[in-house]
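The values are calculated or read from the model by the stated rules, or taken from the named source; none is laboratory data. Just so it is clear, the structure is predicted and the values come from calculations on it, not from any experiment. Every residue, glycine as well, gets a Cβ built from its backbone with ideal geometry; the counts of neighbours run over all protein chains shown.
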Amino acid sequence: MPTFLRSAFVASLLLAGLTQAAEERAATSQPARTLSFEGVLPEHRISLNDLNLPADWSGYTHLVLEMRPSTPQRFGLWLYTADGLRRIEMQPFGQGAWARACIPLAYFQGQVAGGDLAASTNRRTNSFWMSVWGPWGPLKGIESIGFSMDYPINHPTLELRNIHLAKTDEGSEFLEGKPVVDEFGQWALTDWPRKIHSREQLAQELAAEAKAFGTLADFGYGKYGGYASTHAAATGFFRVEKVAGKWWFIDPEGHYFLSSSINGIPGGFGGGGRGRGRGAGAATSAPAGPSLTNRRLDSWGMTTGGAGRPNIPFLRWNLPRETTFLGMPDVYAEGFAAAIDAAADAQCTPHKEDPLVLGYFLGNEPPWDGREPELCDMILKGPESATKTRLEAYLKEGDNEKRRKAFIIGAFEHYVSTMVAAIKKYDPNHLTLGMRFGGKPSDELMHVGRLFDVCSINVYEYEPTKQVERAYRLTGRPVMIGEFHIGVPENGLGAGLVQAENQAERGNAYQYFVEQAASLDGFLGAHWFTWRDEPVLGRMDGENYNIGFVDVTDRPYSELVEAAKTTNKRLLEVHSGKTPPYAIKPKASDYGTPSSPWDN
């Protein structure tokens with residue numbers, strides 16, 4: 001290159017670098033702004049001109065901002081571009097403290113991988129976590145940034161400052177108020193009426209709870225949690241039967257049974273759900289041992305989970321990761337069936353004669369539904385495998401979205417039938433309870449549920465009836481709700497996937513949800529997610545929801561407990577059709593996953 005051209009080239013690079021540096025310095029000098037959220041779906045848009053930011057972000061890796069939310073309520077962060085919308089959802093940890101959020105721009109550009117739905121959407125940092133729901137796309141021609149909030153509660157505000165772009169991760173950290181979590185695992189920087197301030201207070205409240213415990217007799221349950229006043233053929237194990245148009249579990253003594261439970265119960269060996277995860281938790285308060293746990297479960301009328309009670313083992317298959325994508329293993333591998341067989345032998349044989357086993361969950365929330373073309377690409381780009389070889393041959397006969405979906409559904413059906421056969425081989429006495437399909441499963445995925453004894457679905461909505469009826473219609477199998485919850489954005493914790501206005505409305509929402517579902521012919525039970533509030537600084541994937549029956553100090557939420565007790569005393573009559581279900585809808589409107597006017 002001639003000297004004069006080299007000099008001009010270097011000068012242009014220096015000028016570009018100075019221009020970029022000037023843009024970033026201008027961003028750091030922005031005045032702080034306060035966004036207030038009122039109404040149903042409020043949004044504030046800030047133009048890139050106001051922020052002195054370029055329209056093309058393709059040369060950057062992170063969007064950085066400093067924020068101080070008055071509430072832990074989730075908000076949407078939208079990028080308005082010339083060719084469409086981009087979005088992530090942000091969930092602050094805590095409230096009332098300045099924190100830096102360094103957001104990878106990759107999360108605006110495409111989906112992420114994971115073995116189930118939560119793992120394929122949630123991403124944590126040290127000051128907040130994100131839900132990566134889309135829409136996605138290139139980051140060019142950006143015109144403005146939007147901050148939105150669905151159904152804001154208690155007049156929330158979001159203060160912002162120092163919004164800029166970066167080419168490295170500047171770190172997501174709290175900038176003040178450290179430590180932000182107190183000795184009891186509570187958010188330290190805000191006070192609220194039920195906050196624990198001393199060990200003496202905690203001991204007194206737990207002692208008062210113990211004085212009010214009831215028993216299983218209050219609900220008319222027999223030895224195994226079935227309704228003692230009902231009678232069917234007894235086999236010594238749980239089974240399912242349709243009686244007068246209604247499906248029931250039948251317990252080992254021959255009594256009708258409905259499964260009411262809470263995921264993550266201390267002392268259980270399965271319980272139908274995920275555990276509490278990482279985080280601060282109730283590190284210094286006494287954990288609920290099996291005795292206290294079972295006294296609570298008896299008092300609340302829960303029929304499933306905990307030590308010495310009907311329970312649901314959650315099977316783990318431990319298949320090779322290098323050929324497993326979005327939870328789909330190499331199902332056509334030579335050793336696949338043998339690996340499933342060995343896992344079923346190891347996990348099911350010990351429970352074969354156990355009358356306290358309700359059945360088995362085979363997995364949780366397959367995340368690839370609707371992503372079949374992408375999953376095929378992962379398989380094709382991955383290491384050599386039997387599934388890859390079969391897929392390559394299949395696509396030579398025609399490669400389109402419909403055929404890719406058909407291939408994945410066929411592979412999944414092979415996976416499920418192999419698991420079910422292995423379980424029945426080593427334990428013919430117990431039920432297969434499905435894979436707890438999450439989100440809104442496609443007809444094709446749901447139809448695979450016909451291979452189970454019971455189809456389980458996770459329903460994060462206020463109104464469960466449409467999903468339960470659809471699962472029953474498409475599978476012909478009775479339906480159990482493997483997960484649901486309702487939360488409130490308070491005490492430094494997020495609301496969860498379905499939001500209530502306050503704790504009283506959370507109890508109202510519980511009663512409405514469970515009784516509406518219980519009125520349906522195909523209903524067999526519903527399990528709340530989860531036992532304890534998630535840690536204020538998030539579990540392993542960041543979730544920090546107010547969704548527990550007990551808080552991080554191990555104290556029950558009385559409103560939720562009373563609603564569960566009332567409903568559990570009514571379930572026999574509601575499911576039998578003798579009593580109409582509770583019909584008062586909760587306040588605070590549907591929060592959804594995801595929810596916004598742009599999703600329609």
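Observations, loosely collected:
- Residue in the stretch 411-423 that is in contact with a helix residue (DSSP H, G or I) (Cβ under 7 Å, 6 or more places away or on another chain) and either acidic (D, E) or surrounded by fewer than 16 Cβ atoms within 10 Å (Cβ to Cβ) (or both) present: yes
- Selection status of G434, at pLDDT below 95, within 23 Å of the chain's Cα centre (by Cα) and part of a loop (DSSP other than H, G, I, E, B): no
Yes/no per residue for (1) among the aliphatic types (A, V, I, L, M); (2) more than 22 Å from P367 (Cα to Cα):
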{"site": "I408", "(1), (2)": "yes, no"}
{"site": "H414", "(1), (2)": "no, no"}
{"site": "A422", "(1), (2)": "yes, yes"}
{"site": "G449", "(1), (2)": "no, no"}
{"site": "E463", "(1), (2)": "no, yes"}
{"site": "L497", "(1), (2)": "yes, no"}
{"site": "Y510", "(1), (2)": "no, yes"}
{"site": "L520", "(1), (2)": "yes, yes"}
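- All positions within the stretch 350-391 that are in a helix (DSSP H, G or I), touching a strand residue (DSSP E or B) at 6+ places or on another chain (Cβ under 7 Å) and of a type in the set (A, V, I, L, M, F, W, C): L375, M378, I379
- Of the residues making up the stretch 68-90, those that are within 18 Å of A188 (Cα to Cα) and in a strand (DSSP E or B) are R68, P69.
- Of all residues in the stretch 369-388, those satisfying the criterion of being touching a residue at least 40 places away in the same chain (Cβ under 8 Å) and either of a type in the set (S, T, Y) or within 19 Å of T121 (Cα to Cα) (or both) are D369, G370, R371, E374, L375, M378, S385, T387.
Residue-by-condition table, conditions (1) closer than 30 Å to E322 by Cα; (2) modelled with pLDDT of 95 or more; (3) in the same structural domain as D150 (by TED's automatic domain parsing); (4) touching a strand residue (DSSP E or B) at 6+ places or on another chain (Cβ under 7 Å):
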| position | (1), (2), (3), (4) |
| --- | --- |
| T71 | no, no, yes, no |
| T81 | no, yes, yes, yes |
| P92 | no, yes, yes, yes |
| Q111 | yes, no, yes, no |
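- Condition check for Y107: under 23 Å from R371 (Cα atoms) and crowded, with 18+ Cβ neighbours inside 10 Å: yes
- Positions within the stretch 91-103 being assigned to a loop (DSSP other than H, G, I, E, B), under 25 Å from the mean Cα position of the chain (by Cα) and among the small types (G, A, S), in sequence order: G94
- Qualifying residue in the stretch 51-61 (condition: in a strand (DSSP E or B) and either aromatic (F, W, Y) or at pLDDT 95 or above (or both)): no
- Candidate set from the stretch 549-590 (those that are of a type outside the set (G, A, S), more than 15 Å from M302 (Cβ to Cβ) and assigned to a helix (DSSP H, G or I)); member that is farthest from the chain's Cα centre (by Cα): E573
- Any chance A333 is part of a loop (DSSP other than H, G, I, E, B), over 22 Å from N546 (Cβ atoms) and at pLDDT 95 or above: yes
- When the residues of the stretch 437-450 are filtered to those that are assigned to a loop (DSSP other than H, G, I, E, B) and in contact with a helix residue (DSSP H, G or I) (Cβ under 9 Å, 6 or more places away or on another chain), the one that is modelled with the lowest pLDDT is K440.
- One residue stands out in the stretch 128-179 among those that are part of a loop (DSSP other than H, G, I, E, B), surrounded by 14 or more Cβ atoms within 10 Å (Cβ to Cβ) and β-branched (V, I, T): the one that is nearest to the chain's Cα centre (by Cα), namely V132.
Here's the yes/no breakdown for (1) at positive phi; (2) assigned to a strand (DSSP E or B); (3) in contact with a strand residue (DSSP E or B) (Cβ under 8 Å, 6 or more places away or on another chain); (4) touching a residue at least 24 places away in the same chain (Cβ under 8 Å):
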position: R477; (1), (2), (3), (4): no, no, yes, yes
position: M480; (1), (2), (3), (4): no, yes, yes, yes
position: E483; (1), (2), (3), (4): no, yes, yes, yes
position: N508; (1), (2), (3), (4): no, no, no, yes
position: F513; (1), (2), (3), (4): no, no, yes, yes
position: Q516; (1), (2), (3), (4): no, no, no, yes
position: G525; (1), (2), (3), (4): yes, yes, yes, yes
